[in-house]
1. Quick one: which residues, 5 or more positions from VAL237 or on another chain, have an amide H under 5 Å from its amide H? H modelled 1.01 Å from N in the peptide plane, none for Pro or chain starts.
2. Using 23 Å as the Cα-Cα cut-off, could you pick out the over-long pairs in LYS313/LYS399; LYS297/LYS399; LYS42/LYS105; LYS102/LYS154; LYS328/LYS433?
3. May I ask you to evaluate 6.51 cos²θ - 1.76 cosθ + 1.60, the Karplus curve with θ = phi - 60°, for each residue of the range 515-530 and list the ³J(HN,Hα) values in order in whole Hz, giving x for glycine and proline?
4. On the full set of protein chains, 1.4 Å probe, figure out the accessible area of HIS517 and give it in Å² to the nearest 10.
5. Assuming R0 = 45 Å, can you tell me the calculated FRET efficiency for the pair ASP505 and PHE531, based on Cβ-Cβ distance, to the nearest 0.05?
6. Just reorder ASP389, ASP533, ASP295 by solvent-accessible area, largest first, 1.4 Å probe, all chains present.
7. Considering the convex hull of the alpha carbon atoms of the range 5-161, report its projected area averaged over all viewing directions, in nm², one decimal.
8. At 1.4 Å probe size, with no ligands or nucleic acids counted, give the accessible surface of TYR174 in Å², nearest ten.
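The values are calculated or read from the model by the stated rules, or taken from the named source; none is laboratory data. Remember, predicted model here, so these are calculated numbers, not experimental data. Neighbour counts are summed over all protein chains in view; Cβ atoms, including those assigned to glycine, are modelled from backbone coordinates with ideal geometry. For accessibility, only protein heavy atoms count, side chains too; no ligands or nucleic acids. Shrake-Rupley method; radii C 1.70, N 1.55, O 1.52, S 1.80 Å.
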Amino acid sequence: IAVLQIVKESQQQHGLRHGDFQRYRGYCSRRLRRLRKTLNFKMGNRHKFTGKKVTEEILSDNRYLLLILMDAERAWSYAMQLKQEANTEPRKRFHLLSRLRKAVKHAEELERLCESNRVDAKTKLEAQAYMAYLTGMLRFEHQEWKAAMEAFNKCKTIYEKLANAFTEEQAVLYNQRVEEISPNIRYCAYNIGDQSAMNELMQMRLRSGGTEGLLAEKLEALITQTRAKQAATMSEVEWRGRTVPVKIDKVRIFLLGLADNEAAIVQAENEETKERLFESLLSECRDAIQAVREDLKPDQKQREHPLENDSGKVSNIQYLHSYLTYIKLSTAIKRNESMAKSLQKALLQQQRSEEDGKRTPRPQDLIRLYDIILQNLVELTQLPGLEEDKNFQKEIGLKTLVYKAYRCFFIAQSYVLVKKWSEALVLYERVLKYAREVQSGAGAYTNSLKELPDVQDLITQVNAEKYSLQAAAILDANDTHETESPSQVKDGKPLSERFETFCLDPSLVSKQVSLVHFPPGFQPIPCKPLFFDLALNHVAFPPLEDKVEQKAKSGLTGYIKGIFGFKS
């Protein structure tokens with residue numbers, strides 16, 4: 001059996017592409033049940049368990065080897081699932097080690113059975129490599145670096161020999177496994193005492209996929225530990241002509257690794273790796289700022305009010321907080337600028353060859369990124385301790401003009417897409433205005449503006465776009481005049497009112513055809529006559545006083561007479 005191929009295909013098809021170890025464990029259990037059923041190798045019945053072992057005598061079908069392989073994979077996947085959960089529940093680490101030992105036990109049994117004469121040489125080598133791989137992972141978790149390194153080296157050697165012995169298509173799988181275990185070997189070598197392995201690990205961190213699996217978290221911890229040793233010698237930092245003591249260990253570690261992180265971002269191979277490194281740097285910076293903020297809390301008065309003796313200078317801890325905030329905002333600007341560059345490339349590729357079925361980038365996406373950059377620049381100007389620094393304020397003002405120019409440019413591009421020519425032309429003029437302001441004021445600040453996009457390139461592009469826009473506007477106006485011929489103009493009348501006039505009306509063959517006015521309009525009709533009884537005002541009615549009954553007498557006498565029935 002092709003052990004590595006079976007394992008890799010099963011893992012990719014059943015959850016491990018997304019890191020879902022629980023789903024893969026369920027698949028291994030179901031496949032074991034199916035194999036036992038087809039081989040009639042059941043462990044008793046539902047009432048009683050009867051253990052059976054695969055021996056060399058019954059090894060007549062390769063599916064018996066698959067039984068043991070799936071047992072090992074199920075135990076390994078459960079261990080990896082527990083490793084994910086152990087980040088929040090440390091007690092699960094003991095269960096993790098138990099399941100890894102179980103996986104190694106099944107791998108040992110697979111290797112023992114493959115020593116039989118019925119098994120070919122390739123399967124024997126693959127079983128040995130699989131056993132060495134699981135053993136190395138177990139020793140790695142136990143932090144037995146020497147034993148883990150020996151096991152991983154054995155696994156690497158076997159897979160390299162297998163890769164050389166077969167065709168290139170078959171060798172791809174073996175070479176992938178060799179690349180997976182190489183970082184683990186270097187990490188073990190570093191822990192044994194090989195300091196050169198640290199540089200190799202840092203280079204592997206810059207690759208597109210980074211490090212995965214067991215090594216990812218351990219490598220980050222190792223880098224932090226190495227910087228912590230160097231941080232003991234760091235006591236102060238200088239920024240914009242002022243030296244500030246650094247007493248917080250987390251801040252020291254961050255500042256020591258800042259140059260390395262920035263160099264790693266520059267050396268990154270692709271945008272995905274660069275984005276991952278930016279996020280890592282911003283996360284470390286936020287942690288350092290939080291540590292400084294906790295030290296600022298007891299010093300509320302000193303933070304809110306400047307020192308009287310220092311003529312407006314803020315305290316050292318507040319200045320350090322401003323420095324870290326400056327690093328965070330500058331890194332965020334660089335990240336957004338990097339994303340904007342990749343989007344601009346995608347926009348150019350989209351103009352050359354448009355692909356259907358994919359969401360293509362739009363100028364609006366770039367506008368949003370430049371809005372965020374401008375907001376970060378506004379926050380930079382408000383940092384405590386830098387309000388009186390005129391050079392700093394001037395430098396940030398020039399950067400703001402550069403990004404405003406690019407933002408205006410892409411707003412104009414979005415107007416061009418909807419054929420709003422006059423608005424786009426006005427915005428292009430605004431871009432040129434910003435660009436000329438930057439060129440006129442960038443004399444002493446040329447070095448600080450080197451990292452920004454080139455304004456001269458933008459001016460050249462805007463001039464070209466202006467001519468293109470004017471030509472498109474003229475063509476669009478001509479097309480409009482051509483389409484407005486008398487035979488095609490619609491006056492909004494229904495068909496019943498324009499029988500005598502020929503008019504091309506595509507709506508006549510659609511579902512919303514206009515035949516008559518509905519509901520019909522109101523029409524005037526004669527109203528009902530009104531009658532007024534004027535004679536009633538001149539009629540004299542006869543007197544009725546003699547017929548009206550006189551009002552009964554009131555008072556106590558009338559009341560008593562009324563009781564006894566006397567009438568007046």
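1. Here VAL244, VAL246 satisfy the definition.
2. Numbers: LYS313/LYS399 26 Å; LYS297/LYS399 33 Å; LYS42/LYS105 21 Å; LYS102/LYS154 21 Å; LYS328/LYS433 30 Å.
Beyond 23 Å between Cα atoms: LYS313/LYS399; LYS297/LYS399; LYS328/LYS433.
3. Karplus values, whole Hz, x for Gly and Pro: 9, 9, 6, 9, x, x, x, 6, 10, x, 10, x, 8, 5, x, 9.
4. Answer for HIS517: close to 100 Å² accessible.
5. Values: r = 52 Å, r/R0 = 1.16.
According to the calculation, E is roughly 0.30.
6. Values: ASP389 40, ASP533 115, ASP295 80 Å².
Reading off the accessible areas and sorting them downward yields ASP533, ASP295, ASP389.
7. Details: hull surface 42.0 nm².
Result: a mean projected hull area of 10.5 nm².
8. 10
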